[in-house]
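The structure appears below as C-alpha cells.
The values are calculated or read from the model by the stated rules, or taken from the named source; none is laboratory data. Because the structure is a prediction, the values reported are computed rather than measured. Cβ sites come from the backbone with ideal geometry, for glycine too, and all protein chains shown count toward neighbours. These accessible areas exclude ligands, DNA and RNA; they are computed on the full protein's heavy atoms, side chains included. Shrake-Rupley method; radii C 1.70, N 1.55, O 1.52, S 1.80 Å.
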Amino acid sequence: MKLKKYIYTALICTAGALTATSCNDWLQEEPKSFIGPDQLGDSKEAVDEWINGVYSNWLYDMFCWGEFPRVLELDADYISGPSWLLGKLGAGNFQGEESLQKMWAGPYNLINDANVAERYIRQMTSVDEGYKNNAIGELLFQKAFCYFLLVRAYGPIPYMSTDVANGEDAYGGRVPVAEIYDHIIQMLTEAAQLMYNRDNANYQPGHVSAGSAAGLLAKVYATMASAAMPAGTQVTVRTGAPYENVTYQGESVQIYRAPTAETFNKQAVAGYENMDAQDLYAKAAEWAKKVIDGQYGPYELSEYSNLWKRSNRDASEFMWAIQSLDGDTKYRTQIHSFYSGYSTTANPNFLQSGGWVGCTNNWYSLFDDQDYRITQGVRHFWRYYYQEEYNGCFYYPQSWSEKVQGVTQMGEWVEQAEEYKATGLSYQYNQSSECLAFTTKYDDVLNKSTDYADSQWAFLRYADVMLIYAEAENELGNDAEAVNYLNKVRQRSNATLMSASPGKTALRSAIIEERAKEFACEGDRRWDLIRWGIYLDAMNAIVVNKGTPEENHQDDAGNSKLRTERNLLYPIPEKEMVANPNITENNPGWN
C-alpha cells in the first residue's frame, strides 16, 4: 500500500493512539480530533476514513520524525554514514537509543488503531460486502506486518486481540515467537482471501492487495524457515577490512581492498528452534509461486531505468510501500534527505545538506562492472554548496582516481582522462562518511530543494518475492528452478547470469548476496543476517587491526561494527519496562 495524496486530514479519534509511547498512554491521552468513532457512521466514506486514519500512522507517527527507516536500516554490515547520524544505533549500543522508542511504540499504536477500525467496520451493514471485506483485509495486513517487524526485532512480544477501548489489557505479557507467527500467518491468509486482486476493477492503485498479503506470507515463511535451519548450516559472505595499508616508496598508503569470501556456520536463532525448516520453505515457495503465476493479478519486474522514477511508484513491483507528500508538515519523511540530500533553489546543482547514508566498499565490490545497480544505482559525482567556491566535486569509487583525478591510488601523478580534465573541476575523494556508495533510489522527487521531499519507501517488492522463491526452491533441492529465478532478477540489472547451480551452499550464499545487492538501503540487510544466524559473524568480520576492540572493527566511515549476543535483539524501551508489570525482564544483555 502506498499512502496516496488523498490522505484524509481528519484522523480517526481513538484513545490517544496517534502519539502514545506506551500502552499506558493510550488510556490517558486526550482525543486528537473532533471526529469521534461513533460519528463516522456506516458508509463507504466512513470505511475510507477508518482505513486512511490507520495508514496515517506510518507517516505521522513513525516516518515523519526520522526514526524510520533508521531503526530498520542502520545496524548492518554494508551500511555506513557519519557517526552523529548513526548514533548509538549504528554503533551497537541500543540501550537508550531514542529511535528505538518509536520502533516499539509505532507499530503498537498502529495495531491498536487497526483493531478499533476493524471492530467498527465489521459492524457496518450498509457497505457493499466486497468493499467491506477488502478494508478488513487491509487492516489485517497492516497488523500482521507490524507484528512481523516487532517479532524480528524483539523476539517474544505482547499480542493484542482487540483494542484498549474495547477492553484489551494495556499491559500484556510477552507471547512466544512461534505463537506470534501463528497470528501473523492467520491474519495474512485471511487478508489474501478478503482483499481485491490487482486486476480487480475495484482495486485502488496504491493500496495493498491480495497479492501483497500472499507475497508477505512468502517472506514470513522464508524468515521462519531460514531461522529454523540447523545450527552449522554454512553461508559465505564477502566481507573483511574496508582497507589495507600498503607500503609504497617507503611510505604507508591506505587503499580500499576487495572483500574476501568468508564462510560462517549458522548459529541457532532463539525462538525458532522447534520449527520445521523444510515444511516452512515448502510454504514459502507455494505462496511465492502463487504470486508469480498471477493468481492475485499480474506482477512484473520494472525496467531498471524506470524502477525508481516517481512515475513508476504505482507499478506492480511495489507491492507494499509508503509514499509521503512534498513539504507536508505531517505526512512527510526525510528519506530523500538521508539518502540523496537536498539542494536550494538558488544552487540546484549543489547539495545543501543530507545525502549521508550510504553503502561501504565491501558492498560496492560485490557487483560486476556493468551492473545497472552500480552504474546507474550509485551516485558517482556530487557537489556540496561549500565546493562551489573552489570548483570542487566528490567522486566514487576510489578506484576511479587515476582517470578522474589524474592520481593513482598510490599517490603518483598520471595523465587525467580528457573528459574529466575538460570540466575544469577539482575532483576529490577521501576515506570518510563524505565518500560512500550513495544510492540513487530516492533521487527522483517533486522538489529537490526541500528537506521533506515526496519519497517512497518500499517495504515489499516483487523482486523480493522472486528471490524468496529462489531461496526456498534451493533449500528444497530444486536448484535449477532457484537459478532460473535468481537470474530473472540479475537479468533486469544487466548482471552476469549464473549458468548452472554451484551447489546448495554456494547457491544459498549467492541468493543472500543478491538480496544484499538488490535491496540495499531498503532496510532489509540486518534482518537477513539475523534470520540466517550469521549477524554476529558478518558484523565482527569487519576487522582493521587498529587498537581497542571498538577501533578494531570500524567500517569505511569509522563506525564500530563490533557486536555481541545482546545485539541480536533490540532492548524493550525503558518506558515500557517501567509501565508494564507483566514484562519483568528485558532481552538478554539489556537489563
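Details
Residues checked against (1) more than 23 Å from D451 (Cα to Cα); (2) among the small types (G, A, S):
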| site | (1), (2) |
| --- | --- |
| S302 | yes, yes |
| K309 | no, no |
| A321 | no, yes |
| D326 | no, no |
| I335 | no, no |
| F338 | no, no |
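- Flag for M224 being open to solvent by less than 30 Å² (accessible area, probe 1.4 Å) and either more than 24 Å from the chain's Cα centre (by Cα) or not polar (S, T, N, Q) (or both): yes
- Taking the conditions (1) open to solvent by 60 Å² or more (accessible area, probe 1.4 Å); (2) closer than 15 Å to W457 by Cβ; (3) without any contact (Cβ under 8 Å) to a residue 60 or more places away in the chain in turn, R310 satisfies each one other than (3).
- Residue-level check: of (1) at pLDDT below 95; (2) among the basic types (K, R); (3) in contact with a helix residue (DSSP H, G or I) (Cβ under 7 Å, 6 or more places away or on another chain), K88 misses just (3).
- Any pair with Cβ under 8 angstrom, 6 or more apart, that starts in segment 236-262 at a residue that is assigned to a loop (DSSP other than H, G, I, E, B) and ends at one that is aromatic (F, W, Y): P242/Y256; R257/Y243
- In segment 231-252 there is at least one residue that is surrounded by fewer than 13 Cβ atoms within 10 Å (Cβ to Cβ), under 17 Å from L507 (Cα atoms) and modelled with pLDDT of 95 or more.
- Leading residue by the ranking (surrounded by the most Cβ atoms within 10 Å (Cβ to Cβ)) among those in segment 177-218 that are under 14 Å from K283 (Cβ atoms) and in contact with a strand residue (DSSP E or B) (Cβ under 7 Å, 6 or more places away or on another chain): G215
- Taking (1) modelled with pLDDT under 95; (2) more than 27 Å from K517 (Cα to Cα) in turn, S432 satisfies each apart from (2).
- Residues of segment 173-191 classified as within 8 Å of A144 (Cβ to Cβ) and small (G, A, S), total: 1
- Taking the criterion of being touching a residue at least 60 places away in the same chain (Cβ under 8 Å), aliphatic (A, V, I, L, M) and closer than 17 Å to R238 by Cβ, the residues of segment 509-535 that qualify are I512, A516, A520, L529, I534.
- Flag if Q323 is under 13 Å from L446 (Cα atoms) and in contact (Cβ under 8 Å) with a residue 60 or more places away in the chain: yes
- When the residues of segment 547-568 are filtered to those that are hydrophobic (A, V, I, L, M, F, W, C) and surrounded by fewer than 21 Cβ atoms within 10 Å (Cβ to Cβ), the one that is nearest to the chain's Cα centre (by Cα) is L568.
- Lone qualifier among Y171, Y181, Y147, Y221 - being among the hydroxyl-bearing types (S, T, Y), in contact with a helix residue (DSSP H, G or I) (Cβ under 8 Å, 6 or more places away or on another chain) and not in a helix (DSSP H, G or I): Y171
- Sole residue being closer than 29 Å to Q554 by Cβ and part of a loop (DSSP other than H, G, I, E, B), chosen from E434, E402, E415: E434
- Check on G167, modelled with pLDDT under 95 and surrounded by fewer than 22 Cβ atoms within 10 Å (Cβ to Cβ): yes
- Any hit, segment 21-35, residues being in contact with a helix residue (DSSP H, G or I) (Cβ under 8 Å, 6 or more places away or on another chain), assigned to a loop (DSSP other than H, G, I, E, B) and at pLDDT below 50: yes
- Restricting Q142, Q123 to those that are open to solvent by less than 10 Å² (accessible area, probe 1.4 Å) and of a type in the set (S, T, N, Q) reduces the list to Q142.
- Selected residue (criterion: farthest from the chain's Cα centre (by Cα)) from residues of segment 270-293 that are in a loop (DSSP other than H, G, I, E, B) and surrounded by 14 or more Cβ atoms within 10 Å (Cβ to Cβ): M275
- Segment 55-109, residues that are in contact (Cβ under 8 Å) with a residue 12 or more places away in the chain, in a loop (DSSP other than H, G, I, E, B) and touching a Leu at 6+ places or on another chain (Cβ under 8 Å): L74, D75, A76, D77, G81, G92, F94
- Among the candidates Y390, Y420, Y429, residue that is without any contact (Cβ under 8 Å) to a residue 40 or more places away in the chain, out of contact with any Ser or Thr (no Cβ under 8 Å at 6 or more places or on another chain) and open to solvent by 10 Å² or more (accessible area, probe 1.4 Å): Y420
- Members of segment 344-361 found to be farther than 23 Å from R492 by Cβ and modelled with pLDDT of 95 or more, listed by number: F350, L351, Q352, S353, G354, G355, W356, V357, T360, N361
- Hits in segment 396-417 - residues which are open to solvent by less than 50 Å² (accessible area, probe 1.4 Å) and among the hydroxyl-bearing types (S, T, Y): Y396, S401, T408
- Test result for W50, over 27 Å from I530 (Cα atoms), open to solvent by less than 10 Å² (accessible area, probe 1.4 Å), in a helix (DSSP H, G or I) and not β-branched (V, I, T): yes
- Filtering segment 91-124 to residues that are at pLDDT 95 or above and among the hydroxyl-bearing types (S, T, Y) leaves Y108, Y120.
- Filtered residues of segment 253-269 (kept if among the hydroxyl-bearing types (S, T, Y) and surrounded by 14 or more Cβ atoms within 10 Å (Cβ to Cβ)): Y256
- Of the helices (runs of 4 or more DSSP H) lying entirely inside segment 447-527, those containing at least 1 residues that are surrounded by fewer than 24 Cβ atoms within 10 Å (Cβ to Cβ), in contact with a helix residue (DSSP H, G or I) (Cβ under 7 Å, 6 or more places away or on another chain) and acidic (D, E) are 479-492, 504-518.
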